[in-house]
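Below is one structure; the comments refer to it alone.
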Amino acid sequence: MSDVPPFVERLRAARASGDVGELTALMGAVPFAAFLGIEVAPGETGELQARMRFAEHVVGNPGLPAIHGGAIATLLETAAIARVLWEADPEVLPRPVTLTFDYLRSGRPADVHASARIVRQGRRVCTVRVAAWQEDRERPVALANATLLLC
Amino acid sequence: MDVAEFAKLTREFDRLVPLNRAMGMHLVSLEAGTATIRLPWDDRFLGDAADGLVHGGVLTTLLDTTCGMAAFMGLRTPGIIATLDLRIDHLRPATVGAELVAEGTTVRATRQVLFVRGVAHHGDPAQPVAQATATFAVTS
């Protein structure tokens, strides 16, 4: 038996009891995500999602106005990491290797939601697709493909 | 670029982009098709409360901004640009507590699209932390 970090033990217990709150707390303790107002929680359908609350400091272009592409990217990355933590049971915090982002529409001054789906999980690498949207999920503001290291 | 023009663009950068200001980014230099930005360390950049990692989103935000400024400096005629797509390679873990420097270079500018490369490091460009490839659309 190898020692696993305490957060892994806590997530395993939470997963067994279906308590997503432990994941919300873990991700809520990440300073840069908290700075951007990002939280991880189940959406209306119960699906695991990340949400970024709109605030003035996440704006990248006040003329339009539009949310900064870096803030939307961080939301997408957070959604990917949360999904992998919850489903893939890694023994370390998943580390981003390569991420690609497609910016489809400008992010209006409103909350942004994101949901991730694991495309393939290997022993070392996990490939994840992520979408971010605002009012209408059928009209995403950005898409991402994330390759994460699991060890 | 002359001193007065750089000072004017610095004021606009600070005033116009709230997230850049909130994170504490500083323009170091702007030349035709290129931009250099430094980002002093801030504890809010941590990606993990326990292990002390730098959040990947910090690198992405810094490189998106730097590539965007490089693209702006690479415009054939003054205009507004928007990020179309962006790829970030995390080459090695960033160091907690260390200032980041990002450099962006416009590789090619057409009337509709600009192709930009970027790199982020801790002061030694030979030891890059992350690299970026970005394309920007000219929106007006």
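The condition of being modelled with pLDDT under 95, surrounded by fewer than 24 Cβ atoms within 10 Å (Cβ to Cβ), under 18 Å from residue A:69 (Cα atoms) and of a type outside the set (A, V, I, L, M, F, W, C) holds for only one of B:77, B:133, B:139, that being B:139. Annotation note: of A:142, A:41, A:79, A:88, the sole residue that is closer than 24 Å to residue A:21 by Cα, modelled with pLDDT of 95 or more and small (Gly, Ala, Ser) is A:79.
Checking each residue in the stretch A:58-95 for being basic (Lys, Arg) and at the interface with chain B (Cβ under 9 Å from one of its Cβ atoms) picks out only A:95. Restricted to the stretch B:15-60, and to residues that are part of a loop (DSSP other than H, G, I, E, B) and closer than 16 Å to residue B:104 by Cα, which residue is farthest from the other protein chains (Cβ to nearest Cβ)? Result: B:32.
The criterion of being closer than 21 Å to residue B:64 by Cα, in contact with a Pro (Cβ under 7 Å, 6 or more places away or on another chain) and not in a helix (DSSP H, G or I) does not hold for residue A:144. Considering (1) more than 10 Å from chain A (Cβ to nearest Cβ); (2) of a type in the set (Val, Ile, Thr); (3) within 18 Å of residue B:123 (Cα to Cα), the lone condition that residue B:77 does not fulfil carries the number (3). Quick check, is residue B:64 in contact (Cβ under 8 Å) with a residue 60 or more places away in the chain, at the interface with chain A (Cβ under 8 Å from one of its Cβ atoms) and not in a strand (DSSP E or B)? So residue B:64 passes the test. Within the stretch B:89-126, being surrounded by fewer than 21 Cβ atoms within 10 Å (Cβ to Cβ) and touching a Cys at 6+ places or on another chain (Cβ under 8 Å) holds for one residue alone: B:117. The residues in the stretch A:99-132 that are more than 25 Å from residue A:62 (Cα to Cα) and in contact with a His (Cβ under 9 Å, 6 or more places away or on another chain) can be counted, and the count is 1.
So, in the stretch A:88-115, how many residues would count as being among the small types (Gly, Ala, Ser) and in contact (Cβ under 8 Å) with a residue 60 or more places away in the chain? Walk me through how you get there before you give the answer.
Quick first cut of the stretch A:88-115, residues among the small types (Gly, Ala, Ser) only: A:88, A:106-107, A:110, A:114-115.
After this cut, where a residue has to be in contact (Cβ under 8 Å) with a residue 60 or more places away in the chain as well, the list is A:88, A:114-115.
Summing the residues that are among the small types (Gly, Ala, Ser) and in contact (Cβ under 8 Å) with a residue 60 or more places away in the chain in the stretch A:88-115 gives 3.
Between A:79, A:114, A:71, which is within 13 Å of the chain's Cα centre (by Cα) and in a strand (DSSP E or B)? Even if it seems obvious, please write down each step before you answer.
Values: A:79 fails: in a strand (DSSP E or B); A:71 fails: in a strand (DSSP E or B).
When all the criteria are applied, what remains is A:114.
Can you find, within the stretch B:81-110, the residue that is nearest to the other protein chains (Cβ to nearest Cβ) among those that are touching a residue at least 60 places away in the same chain (Cβ under 8 Å) and in a strand (DSSP E or B)? I'd like the intermediate steps shown before the answer.
Residues of the stretch B:81-110 that are touching a residue at least 60 places away in the same chain (Cβ under 8 Å), as a first pass: B:99-106, B:109.
Applying the additional criterion that residues be in a strand (DSSP E or B) yields B:100-106, B:109.
On the way: B:100: 13, B:101: 16, B:102: 11, B:103: 16, B:104: 13, B:105: 18, B:106: 17, B:109: 19 Å.
Result: B:102.
Just one of (1) facing chain B (nearest Cβ under 10 Å); (2) crowded, with 16+ Cβ neighbours inside 10 Å; (3) of a type outside the set (D, E, K, R) fails for residue A:5. It is (2).
Going through (1) over 28 Å from residue A:136 (Cβ atoms); (2) among the basic types (Lys, Arg); (3) surrounded by 23 or more Cβ atoms within 10 Å (Cβ to Cβ) one by one, residue A:95 falls short only on (3).
The values are calculated or read from the model by the stated rules, or taken from the named source; none is laboratory data. This structure is a prediction, so every number in the text was calculated from the model and none was measured. FYI the Cβ positions are ideal-geometry reconstructions off the backbone, even for glycines, and counts take in every protein chain you see.
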